[in-house]
Amino acid sequence: MTPAPGAGDDEFRAYWFPPRSHVFVAVVEGQIAGTYMLHPNQMGLGDHVGNAGYLVDPAFRGRGIAGAMCEHSLVAARAAGFRAMQFNFVVGTNEAAVRLWQRHGFETVGRLPKAFRHATLGEVDALVMHRFL
């Protein structure tokens, strides 16, 4: 896996390893197939709500890695004391991701108009998704 375009190693590390984060790796047949990070969505009085970000190596897409990591992250979030999970920025045109999060109990609670610059579609909406644990 490689960092997002334009993100240097230091910038990516700062994003992926924020304070109080837990990072997990999915290994398939001895290879890293994906990773996710779990951390408080907000510090202070909002730190009972978790947030997670997921990456799946393109070579492993379509094999259920993201779903397995989501299930694991919900268990890990409960164990870490979170009472809910919130995804702040789900690209609205990523229908596979939206369906996956919905299958895992997430609901869309907000829409950020034209918040994401899609490579082919231009500016598209991002969704805020949430579920209680």
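The values are calculated or read from the model by the stated rules, or taken from the named source; none is laboratory data. All values reported here derive from a predicted model rather than from experimental measurement. Neighbour counts are summed over all protein chains in view; Cβ atoms, including those assigned to glycine, are modelled from backbone coordinates with ideal geometry.
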inquiry  = Of the residues Arg63, Arg99, Arg83, Arg111, only one is surrounded by fewer than 17 Cβ atoms within 10 Å (Cβ to Cβ) and touching a residue at least 40 places away in the same chain (Cβ under 8 Å); which?
reply    = Arg83
query = Out of (1) surrounded by 14 or more Cβ atoms within 10 Å (Cβ to Cβ); (2) within 19 Å of His22 (Cα to Cα); (3) modelled with pLDDT of 95 or more, the odd one out for Glu71 is which?
reply = (1)
ask   = Only one residue in Ala79, Ala126 is among the hydrophobic types (A, V, I, L, M, F, W, C) and touching a Leu at 6+ places or on another chain (Cβ under 7 Å), so which one is that?
value = Ala126
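Would you check which residues across the stretch 86-96 are more than 12 Å from the chain's Cα centre (by Cα) and surrounded by 13 or more Cβ atoms within 10 Å (Cβ to Cβ) and list them?
Taking the stretch 86-96 and keeping what is more than 12 Å from the chain's Cα centre (by Cα), we get 92-96.
Answer for the stretch 86-96, where residues must be more than 12 Å from the chain's Cα centre (by Cα) and surrounded by 13 or more Cβ atoms within 10 Å (Cβ to Cβ): Gly92, Thr93, Asn94.
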ask   = Looking at this structure, is Gly62 small (Gly, Ala, Ser) and at pLDDT below 95?
value = yes
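Condition check: of a type outside the set (Val, Ile, Thr), without any contact (Cβ under 8 Å) to a residue 60 or more places away in the chain and surrounded by fewer than 17 Cβ atoms within 10 Å (Cβ to Cβ). Does Gly34 satisfy that? It would help to see each step written out before you state the result.
On the way: of a type outside the set (Val, Ile, Thr): yes; without any contact (Cβ under 8 Å) to a residue 60 or more places away in the chain: yes; surrounded by fewer than 17 Cβ atoms within 10 Å (Cβ to Cβ): no.
When the stated conditions are applied, Gly34 does not pass them.
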